[in-house]
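Chemist: The structure under discussion is supplied below as structure tokens; questions concerning it will follow.
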Amino acid sequence: MKQTIVLGGGMVGAVMAMDLAADADREVTLCDVDEARLTAAKARCPAIRVQQADLSSPERVRSLAAEADMVLGALPSRFGFGTLQAVIDAGKPYCDISFMPQDAWRLDEAAKASGTIAVVDCGVAPGMSNLLAGVAARRLSPCRSVTIRVGGLPVVRQLPWQFKAAFSPYDVIEEYVRPARIVEHGKVVVREALSDPVLIDFLETGTLEAFNTDGLRSLTETLSIPNMLEQTMRYPGHRDLAWALRETGLLSEQPMDVNGVSVTPREITCRALFPKWTYEEGEVDLTVMRVEAEGDLNGVSTRLWWDLYDELDPETGWTSMSRTTAFPATIMARMIEAGIVTNPGVHPPECLAGDDRVLETLFRELTARGVTYREHSEPLA
């Protein structure tokens, strides 16, 4: 039996575990510090095993990984880099979706030395967005630009935020404060998070507002495309509220004295805000993404793009964001086990875009799970 460990029992990690548990030749153990999460996951899928563990400890992660044949990571971003390093130290294959702020590929040499295959940022965005950018760079010669826009939203909008967090809300806050790296005319430049808002119309959602966030990550180093941009999408009005919080200092992590007590504004804001950003049981969420590229296709100036629109699965109750994020990682893990991905090292998804077997398997298996990317192209005047 294949022994598989999933690190993190939140919405994404639980779906990873349940998807992998469908394999008859696999035993899956879901690990988390929160016993209530583990109990809920076990109730939904009795086939999985659960283990309470403090995954903020790299030593604990290393010991868990040492007992596994395959490891998957779905922890908050602040634990991502240390977890990756611990799994590499254990020498076990790894697929991760944590969106860590550090550059994971800096551990590439360590992974090669230990014989570890690690595919990082292997969710929806980053993840499928990276892969599709890599496909565009491969097909278009030259590829002049790539623009990625993605959003996870509630189907029913409720004022004032018109938003709920389908993954770690702390990571949402990070997106709103961390400077955004984009590529202009072949050079990496930095913009404020939430900057350059633009309105985009989608058939399924109506008008959304896109703004700069730091989602290009490895693409700034792996692809030679002169113009690249990543933006997060929300319903119009949400960005202004987030900007006001940040500019007022309410997202600051600098401690301040309040009546003799040292507090950080961000922690107070998060405690008040996150209950309003929490999905109710059965509340329907959606994921919308467009990866758009321009360049020459067979000598003709062409616009090439992929659209994703997905909602909560009513049969399983799995949220759209958890499904669209978890499935690329579980499919990739199976490809590593099948010998489709074989080279040791730390691999962002775009580095696998040149392998037709990877692309065919990934899109086939995503479609089988109800997650469909629709490809379009048109010549440019």
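Values in this text are rule-based calculations from the coordinates and carry no lab data. None of the values given here were measured: they were computed from a predicted structure. With ideal geometry, Cβ positions are generated from the backbone for all residues, glycine too; neighbour counts draw on all protein chains shown.
Chemist: Out of all DSSP beta bridges with both ends in the chain, state the antiparallel percent to the nearest 5.
Modeler: Looking only at bridges with both residues in the chain, the antiparallel portion is about 65 percent.
Chemist: Amide H neighbours of residue 73 under 5 Å, at least 5 residues apart or on other chains, H built in the peptide plane: list them.
Modeler: 7, 95, 96, 97
Chemist: Moving on to the next point. Mind checking the dipole of region 128-311: about its Cα centre, +1 per Lys or Arg Cβ, -1 per Asp or Glu Cβ, Debye to the nearest 20?
Modeler: Charge dipole, region 128-311, about its Cα centre: 440 debye, nearest 20.
Chemist: Follow-up. Estimate the FRET efficiency between residue 114 and residue 138 by the formula 1/(1 + (r/R0)^6), using the beta-carbon distance for r and 25 Å for R0, to the nearest 0.05.
Modeler: The calculated FRET efficiency here is 0.25.
Chemist: Going highest first, how would you order 88-99, 331-342, 255-266 by mean Cβ packing within 10 Å?
Modeler: Answer by packing, highest mean first, reads 88-99, 331-342, 255-266.
Chemist: First select every other residue whose beta carbon is under 12 angstrom from the beta carbon of residue 25; then total the charges, Lys and Arg +1, Asp and Glu -1.
Modeler: Taking every Cβ under 12 Å from that of residue 25, the sum is -1.
Chemist: Once you order the gyration tensor axes a ≥ b ≥ c over the Cα atoms, which shape class does the chain get: rounded for a/c under 1.5, otherwise prolate or oblate by comparing a/b with b/c?
Modeler: Verdict is rounded for the chain.
Chemist: Which lysines have a Cα less than 24 Å from the Cα of residue 112, not counting those fewer than 8 places away in the same chain?
Modeler: 2, 92
Chemist: Then there is this: Quick one: Debye curve from the C-alpha atoms of region 128-311, no solvent, what's log10 I(q)/I(0) at q = 0.11, 0.13, 0.20 Å⁻¹?
Modeler: -0.54, -0.73, -1.36
Chemist: Same structure, new question: Which value, in debye to the nearest 20, describes the size of the charge dipole of the chain about its Cα centre when Lys and Arg Cβ atoms bear +1, Asp and Glu Cβ atoms bear -1, and nothing else is charged?
Modeler: Roughly 180 debye, rounded to the nearest 20.
Chemist: What is the packing order of peptides 277-288, 161-172, taking the mean over residues of other C-beta atoms within 10 Å and listing the highest first?
Modeler: Packing order, densest peptide first, comes out as 161-172, 277-288.
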